[in-house]
Structure formats: C-alpha cells, structure tokens
Amino acid sequence: MIVMGGNRRLNRPAPYPGVHFRDTAREAGLNYVWQIEGGRTPNILQTIGNGCAFLDFNNDNNLDILLIGTHPALYQGNGKGQFIDVTATTGLSALKGQFLGCAVGDIDGDGYDDIYISGYQTGILLHNEAGKNFRDITEQSGVKPQPWGTSCAFAETSPGSGKLDLYIANYVVFGPDVSPQLCTSGKGVSVSCGPEDYAPLKGAFYRNDGTGRFTDETKERGLDTSNGKGLGVFFANLKDARTPYLLVANDRMYGDLFDLSQSKNSTPAKNIGVLSGVAYDRDGNSHAGMGIDCGDYDNDGRLDIFVTTFANEPRSLYRNNGEGQFSDIGMSTGFDPMRSQYVAFGCKFFDFDNDGWLDIIIANGHVQAAVHDINPGQDFKQPIQLFRNSGGAHPGFDDVSPSSSVFNQLIIGRGLATGDYDNDGKMDVLVVDSSGHPLLLHNESERNGHWLTVQLIGKQSNRNGYGAMLTAKAGAHTFLRASQTCGSYFSASDKRVHFGLGNDTKVDSLTVKWPSGKIDTFKNLTVDRMVTLQEGDQTVH
C-alpha cells in the first residue's frame with residue numbers, strides 16, 4: 001500500500017535489499033540481565049527502564065559498554081567484537097541503587113572519561129582514575145541526589161571555559177506514600193498509572209569549576225522554568241553560535257528549549273519551546289515526549305530534532321527552518337500514526353549504510369504489562385524499528401525493519417546507543433531490553449558507502465570536543481555533524497563523529513568549529529579510516 005505524504009510517496013514497511021543487523025550480545029560476552037519487578041502490574045517506576053552507553057574508558061581506541069541497572073556493569077571491548085566484564089576490577093561492583101541513566105564526559109580534562117549515573121532518589125559521579133578504575137566523588141563534588149533523575153548530559157555551556165557542565169532531568173513525584181500506585185483501565189484491568197496522575201519534577205543544572213566541584217545554578221540560569229516530567233535531554237548548537245541550546249523532551253507536558261546564550265552575565269535563559277515550535281506536536285498538543293536526538297537529516301546545514309512518543313502519536317521530526325524556528329514534519333516524512341503503533345523510547349540519528357543521509361533507529365516497548373488485555377492490538381513487548389532516509393530533494397524515512405530478522409524480535413525496549421564497536425566503519429547499535437539481555441546489533445549491511453570517523457581532542461575547549469560542529473565537503477556534497485554523546489533515552493553514544501560519504505572517495509575539506517570559537521580546517525582527507533584532530537593543530541593523526 002502507498003500513502004501520500006507531503007512531497008514524497010511513503011511506502012509501507014518492506015524489505016530493503018542489503019540491510020542486515022545481527023544480535024551478537026551473547027557471543028560478544030554481554031551476560032547482563034534486566035528484570036521488571038511488580039509482576040503482572042508493575043507501577044510507573046518499575047517500567048521506566050534503563051540506559052546504556054558506548055564509551056572508551058581506558059583510551060585504547062576501542063569502545064567499551066556500560067549497562068545501567070540496580071547493579072551497573074562495565075564491559076571492556078577489544079575492538080574485534082569481544083567484551084570482558086571489568087565491573088569488579090574497575091570498582092563498579094560496589095554500586096547499588098535504583099540507577100536509570102548515564103552521561104559520559106571528561107569533567108577535569110585529564111584525558112579520561114568520567115561517568116554520571118542518574119536514578120530514583122540517587123545519582124552518583126564517578127571519576128575515571130587513568131583508565132584503571134572509577135572513584136565515587138559524588139559527596140565532595142556537590143552534585144546532590146535527585147528525586148527521580150532520568151536522562152542526563154554533559155556540555156560546555158560557557159564557551160571557551162573548557163569545562164563540562166551537567167544537566168539532569170527529573171520525572172514525577174512518586175514514592176510508596178504517593179497515591180495512586182496503580183490505576184484501572186476502562187476495561188477494569190489494573191495497570192500502571194500515567195504521568196498525568198503525578199506532579200512534575202524539574203531538572204537540575206550544575207556548573208563545573210574544573211576541579212571536580214559542581215555548583216547548582218538551576219535557578220541562576222533560568223532552568224527552573226522548565227515544565228518538568230523530563231525524560232530525554234540533548235545539548236545542541238541549533239544556530240551558528242558557540243553556546244548550545246538545551247532541549248528536554250517532557251512526558252505529557254510541553255517540551256523545553258532553552259537558549260543558553262541568553263544566560264550570560266547572570267541573565268536567566270528563557271524557555272522558548274513554545275515560540276520556536278518544538279514544545280508541541282503538529283496539532284499544537286503536548287505529547288508523551290520520551291527519547292530525543294538531533295541531526296541534520298536533510299543536509300541543509302542545520303540541526304533538526306526528533307522526539308519519540310506514545311503509541312498512535314506521530315513521532316515529531318522538527319525541521320530547523322533557521323532563525324530559531326521549527327516545523328513538525330514527522331507526519332509528512334514517514335512517521336504517521338500507522339507507523340507509530342508502538343510506544344517509542346530510545347532513538348538515534350545515524351547513517352547505517354554510509355550513504356551520506358542520516359537514518360533513524362527506535363527502541364520500542366509498552367509501559368503497561370497487561371496492555372494486550374485492554375487493547376488486543378498492542379503488546380508489552382515490541383520490535384525495534386529502523387527507518388532509512390530516502391535522501392534527495394525531499395528526504396523522508398522508509399521503514400526497512402523487515403529487511404533484517406533481528407527487528408522481528410520482541411523486547412521491552414528502552415535505552416539505545418550507537419557506535420562502531422569493531423571499528424569497521426559501520427555504525428552498530430546497543431539496546432536495552434527491560435525484560436532480558438542487552439541487544440548488541442552488529443551492522444552487517446551490504447550496501448555501504450565510504451566513511452570517515454573523527455576523534456576530537458580539545459585544548460582550549462573541553463577535552464572531548466563536545467559542542468564542536470564539523471562540516472565535511474566532498475565533491476558536490478556537504479555534510480554537517482555535531483560532536484555530542486547525549487540524546488536518545490537515558491543513554492550515551494560513541495563520542496567519535498561519524499560521516500557517511502556515499503560514493504565520494506575523498507573529503508576535500510573538513511572544518512571544525514570548536515566551542516572556544518577556534519576554527520580548524522583540514523584539506524584532502526583520504527576516507528574509510530579513523531582520524532584524530534586536535535584543536536589548534538593542523539596535523540591529522
């Protein structure tokens with residue numbers, strides 16, 4: 001069946017030749033398991049899910065894996081597809097709590113990535129001790145336990161400071177003494193209550209002084225005006241400016257968008273979500289915002305925004321029109337309700353076939369264990385979806401999930417991260433299944449273009465280069481990519497910046513705009529390799 005949508009024709013899910021992902025988690029050595037408490041009727045806290053991360057904690061240029069749960073686990077990768085459990089040897093085995101999400105970043109510029117782990121009535125900051133182990137510095141850092149911390153992210157919000165600040169979203173007021181604990185559906189079935197049954201909690205912003213100390217500046221920055229019930233977080237340069245915007249996807253509340261450049265000189269930033277058009281869906285309604293990500297899906301040189309939502313709500317793809325204005329074109333680009341029958345959480349823009357156009361992957365899973373008794377067309381466990389970007393003058397997204405059998409597997413999907421864990425130039429995917437093992441989706445797709453992966457090292461800017469904007473020109477094509485690890489849902493992705501280049505066999509120029517304001521340009525780069533670029537150094541490593 002073919003449905004008309006905007007300027008393009010939208011094909012219903014059908015196989016796309018050459019697409020293939022394979023779940024290698026078990027053979028790779030990932031033996032972690034998540035379980036949902038609460039039996040047949042888990043509550044809103046028990047179904048919130050967990051996050052995951054791709055990171056390189058020991059600087060060996062191979063991605064490692066962090067899995068968040070009551071007992072977080074760390075697996076060291078060898079770059080060849082194998083992982084060993086180093087939770088105990090790195091000091092993480094002593095951690096226990098209702099941990100939910102994570103953020104990864106070098107908070108003191110020592111060259112090793114540190115970790116913040118969010119959670120319900122908790123939150124811990126872990127300092128990386130030269131890639132050998134992690135030390136809990138939460139108490140002395142000044143970062144307080146959050147009432148219900150969800151997604152979190154590091155960003156350099158003061159350009160040129162070289163310091164990563166921390167934002168932690170919070171969800172709703174909930175606990176054993178809060179009523180209701182469970183609700184009853186119209187069919188008399190006991191289910192978890194929705195976010196509308198609870199009061200909102202607002203996120204917290206912590207400024208980093210560079211010595212391991214953080215100061216709560218939520219009110220001073222104007223971020224106490226957020227709407228609350230935050231689930232997804234992203235820092236992005238949505239205009240050609242050094243100071244990032246803060247985006248928060250809120251559950252059944254208007255979404256938040258803060259222009260942090262307005263918070264200079266102690267002037268609080270204003271929440272411009274409504275004015276910009278990203279606070280609501282195409283019909284002007286608030287939706288169940290959960291996962292969030294940013295990327296230039298149409299290659300026009302501006303970052304666009306994608307937000308995942310509840311079942312039968314169109315996913316919102318906010319096209320960046322420039323000058324701080326956005327239009328929700330999710331319906332016309334392939335995310336109509338017929339393709340949105342699932343409850344969507346983790347999401348990422350990534351170029352799985354290296355054709356130069358950013359695709360989208362989504363982890364799905366319902367929040368009500370008994371949903372099938374209420375609506376026979378819905379199930380607790382749901383499939384992952386892969387949407388391929390059609391490219392061209394009017395790019396849109398085709399659901400190519402049937403192309404690979406792994407997308408037929410039913411899971412309770414929550415967190416999702418992307419990264420090239422075996423360094424073969426193809427982007428892989430890590431997914432949380434709240435009722436089982438993690439999925440490590442190895443990209444074995446056959447149709448692949450050329451690629452370039454860039455590792456950044458900041459000098460005046462933060463060591464990770466978070467917030468840098470990279471523009472690659474190859475032949476007649478121009479590609480904009482941003483350096484960040486946040487986004488999705490409760491998760492952190494590979495910090496290396498990946499370019500799919502299609503048929504282009506050389507990058508004529510690669511320009512890096514650093515948070516410090518410095519601009520470095522590199523000429524005539526050969527492709528199909530990984531390079532390291534250091535701020536202020538014209539040598540390509």
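Rule-based calculations on the coordinates, nothing more; no lab input. Please read these numbers as outputs of a predicted model, since none were measured by experiment. Note: ideal-geometry Cβ built from the backbone for every residue, glycine included; neighbour counts use all protein chains shown.
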Handout entry: Spin-label model distance (nm) - Asp300 vs Thr225, 7 Å beyond Cα toward Cβ
Key = 2.8 nm
Exercise for the section: Quick one, can you get me the convex hull of the C-alpha atoms of region 405-526 expressed as volume per residue in Å³? Expected result: 118 Å³
Practice task
Would you work out if region 66-148 is rounded, prolate or oblate? Take a ≥ b ≥ c from the square roots of the eigenvalues of the alpha-carbon gyration tensor; rounded if a/c is under 1.5, else prolate when a/b is larger than b/c, oblate otherwise.
Solution key: oblate
Practice task
Could you calculate the contour length gain from Ser327 to Thr89, that is, 0.36 nm times the residue separation minus the distance between their Cα atoms, to one decimal place in nm?
Solution key: 80.8 nm
Problem - Any cysteine of the chain lacking a neighbouring Cys Cβ under 4.7 Å - listed by number - result: Cys52, Cys102, Cys152, Cys294, Cys347, Cys486
Fill in the blank from the handout: By the Kirkwood definition, with r running over pairs of different Cα atoms, region 89-199 has a hydrodynamic radius in Å of 16.0 Å
Practice task
Rounded to the nearest 500, what is the 222 nm mean residue ellipticity of the chain from helices alone, with -39500 (n - 2.57) per DSSP H run of 4+ residues and division by all residues?
Solution key: -500 deg cm²/dmol
Problem - Extended-chain gain in nm, criterion 0.36 nm per residue less alpha-carbon gap, Thr539 and Glu37 - result: 175.4 nm
Completion exercise
Listed by chain and number, the aspartates and glutamates with an alpha carbon less than 14 angstrom from that of Lys513, same-chain partners under 8 positions apart left out, are Glu156, Asp240, Glu535, Asp537
Fill in the blank from the handout: Sequence order, region 344-355: Karplus ³J(HN,Hα) from phi using 6.51 cos²θ - 1.76 cosθ + 1.60, θ = phi - 60°, Hz rounded, Gly and Pro as x, gives 9, 10, x, 8, 8, 6, 6, 9, 6, 10, 6, 8
Problem - FRET efficiency for Ser405 and Gln140, using Cβ-Cβ distance with R0 set to 60 Å, rounded to 0.05 - result: 0.75
Handout entry: Other-chain or far-sequence residues with amide H under 5 Å of Glu129's (modelled H)
Key = Phe134, Arg135
Practice task
Would you please classify the overall shape of the chain from the alpha carbon gyration tensor, given that a ≥ b ≥ c denote the square roots of the eigenvalues, rounded means a/c under 1.5, and beyond that prolate means a/b larger than b/c while oblate covers the rest?
Solution key: rounded
Problem - Full-extension gain in nm, Asn59 to Thr526, via 0.36 nm per residue minus C-alpha separation - result: 165.7 nm
Practice task
May I ask what percent, to the nearest 5, of DSSP beta bridges between residues of region 308-364 are antiparallel?
Solution key: 100 percent
Exercise for the section: Kindly write out, for region 512-528 in residue order, the coupling ³J(HN,Hα) from the Karplus curve 6.51 cos²θ - 1.76 cosθ + 1.60 (θ = phi - 60°), rounded to whole Hz, with x marking Gly and Pro. Expected result: 10, 9, 7, x, 5, x, 5, 10, 10, 10, 10, 10, 6, 8, 6, 10, 6
Exercise for the section: Using a/c under 1.5 as the rounded threshold, could you call region 15-99 rounded, prolate or oblate? The axes a ≥ b ≥ c are square roots of the C-alpha gyration tensor eigenvalues, and prolate needs a/b larger than b/c, oblate otherwise. Expected result: oblate
Exercise for the section: Compute the relative contact order of region 344-411 as a whole-number percentage, counting only Cα pairs closer than 8 Å that sit 6 or more residues apart in sequence. Expected result: 26 percent
Handout entry: Nonlocal amide H pairs with Gln382, under 5 Å, H built at 1.01 Å
Key = His366, Ile411, Ile412, Gly413
Exercise for the section: Determine, from the Cβ-Cβ distance of Asp240 and Ala393 and an R0 of 22 Å, the FRET efficiency 1/(1 + (r/R0)^6), rounded to the nearest 0.05. Expected result: 0.40
Handout entry: Ratio Rg/Rh, restricted to region 257-331 and using Cα atoms, in which Rh is the Kirkwood radius
Key = 1.00
Handout entry: Backbone N under 12 Å from the Asp110 label point (7 Å along Cα→Cβ), restricted to region 137-175
Key = 137
Practice task
Averaging sequence separations of C-alpha pairs under 8 Å and six or more residues apart, then dividing by the length of the chain, give the relative contact order as a whole percent.
Solution key: 17 percent
Completion exercise
Given a Förster distance of 56 Å, the FRET efficiency implied by the Cβ-Cβ spacing of Ile374 and Lys473, rounded to the nearest 0.05, works out to 0.60
Practice task
Work out from phi, with θ = phi - 60° and the Karplus expression 6.51 cos²θ - 1.76 cosθ + 1.60, the ³J(HN,Hα) of each residue of region 215-227, listed in order in whole Hz, and give x for Gly and Pro.
Solution key: 10, 6, 10, 4, 6, 4, 7, x, 7, 6, 8, 4, 7
Problem - Amide H partners (placed H, <5 Å) of Arg447, local residues excluded - result: none
Handout entry: Partner aspartates and glutamates for Lys270 [C-alpha distance under 14 Å; skip if fewer than 8 residues away on the same chain]
Key = Glu220, Asp224, Asp256, Asp259
